[in-house]
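Accompanying notes for the structure given below.
The values are calculated or read from the model by the stated rules, or taken from the named source; none is laboratory data. As the structure is a computational prediction, the values presented were derived from the model and not from experiment. Here Cβ is always computed from backbone atoms with ideal geometry, including for glycine, and neighbour counts include all displayed protein chains. Keep in mind that these areas ignore ligands, DNA and RNA; they rest on the heavy atoms of the full protein, side chains included. Shrake-Rupley method; radii C 1.70, N 1.55, O 1.52, S 1.80 Å.
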Amino acid sequence: RKEVEQDPGPFNVPEGATVAFNCTYSNSASQSFFWYRQDCRKEPKLLMSVYSSGNEDGRFTAQLNRASQYISLLIRDSKLSDSATYLCVVNMLGSSNTGKLIFGQGTTLQVKP
Amino acid sequence: NAGVTQTPKFRILKIGQSMTLQCTQDMNHNYMYWYRQDPGMGLKLIYYSVGAGITDKGEVPNGYNVSRSTTEDFPLRLELAAPSQTSVYFCASSRRVTETQYFGPGTRLLVL
């Protein structure tokens, strides 16, 4: 089983639609969770952190389900500019406690006019 | 703050040549990372560093070397370039290992 797993998509949605992505992770001891956004041929950039109680930033809502070991990202009222690849990122605690962030493969979103 | 900077932006190498990819951050972050990303694929960790003088292997270290003599700089060295090393290379840094990472703009490498 991959440490962080995402549906690669692509998700093709019309402008104004609501779209949701899920991501599952394998390490139940994981403590930090993030969603990053990566535009074509650009570097990944932090979209939002994911907190245990869930959090919202404008049209974006992130949720964490520790029992089922998944996180989700909901985008409401999709804009053309939301077209990008969304990376699920989870920290993995290593045996040496250095830990590291593991990036999922990403889910591609295409918002159409 | 410039954040994380990388040079060069793009490079073509012949098989067997060597080169160093430069990475510098001005955020005083202890943690620095090198990733590669092949077309349509996710990020794979090559090497990382938890502070000056300390480096460790990631998921795909073969064919690469790193050093960390200062907090700011974390160069990645390719000794004998191979076509399999054609990729986009991203450097990143973070304040703590569990905190968000900030990425540089990447170096596109083509090995022919």
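Quick one: would you say residue A:45 is without any contact (Cβ under 8 Å) to a residue 24 or more places away in the chain, within 16 Å of residue A:2 (Cβ to Cβ) and either within 14 Å of chain B (Cβ to nearest Cβ) or not charged (D, E, K, R) (or both)? Before the answer, list the steps.
Values: without any contact (Cβ under 8 Å) to a residue 24 or more places away in the chain: yes; within 16 Å of residue A:2 (Cβ to Cβ): no; either within 14 Å of chain B (Cβ to nearest Cβ) or not charged (D, E, K, R) (or both): yes.
Taking the combined requirement at face value, the residue does not satisfy it.
Criterion applied to A:63, A:6 was being within 12 Å of chain B (Cβ to nearest Cβ), under 15 Å from residue A:88 (Cα atoms) and surrounded by 12 or more Cβ atoms within 10 Å (Cβ to Cβ), and the one residue passing it is A:6. Candidates in region B:17-63 are the residues that are surrounded by 18 or more Cβ atoms within 10 Å (Cβ to Cβ) and polar (S, T, N, Q); of these, the one that is farthest from the other protein chains (Cβ to nearest Cβ) is B:24. Of the set (1) farther than 16 Å from residue A:103 by Cβ; (2) open to solvent by 80 Å² or more (accessible area, probe 1.4 Å); (3) in contact (Cβ under 8 Å) with a residue 12 or more places away in the chain, all apply to residue B:6 but (2).
Taken over region A:17-62, the criterion of being over 10 Å from the mean Cα position of the chain (by Cα), more than 14 Å from residue A:104 (Cα to Cα), part of a strand (DSSP E or B) and among the polar types (S, T, N, Q) is satisfied by A:55, A:61.
Count, please, the residues in region B:61-92 that happen to be in a loop (DSSP other than H, G, I, E, B) and under 12 Å from the mean Cα position of the chain (by Cα). Before you say what the answer is, go through the steps one by one.
Narrowing region B:61-92 to residues in a loop (DSSP other than H, G, I, E, B): B:61-63, B:67-72, B:74-75, B:79-82, B:86.
Checking the rest, the ones that are also under 12 Å from the mean Cα position of the chain (by Cα) come to B:61, B:67-68, B:74-75.
Of the residues in region B:61-92, 5 are in a loop (DSSP other than H, G, I, E, B) and under 12 Å from the mean Cα position of the chain (by Cα).
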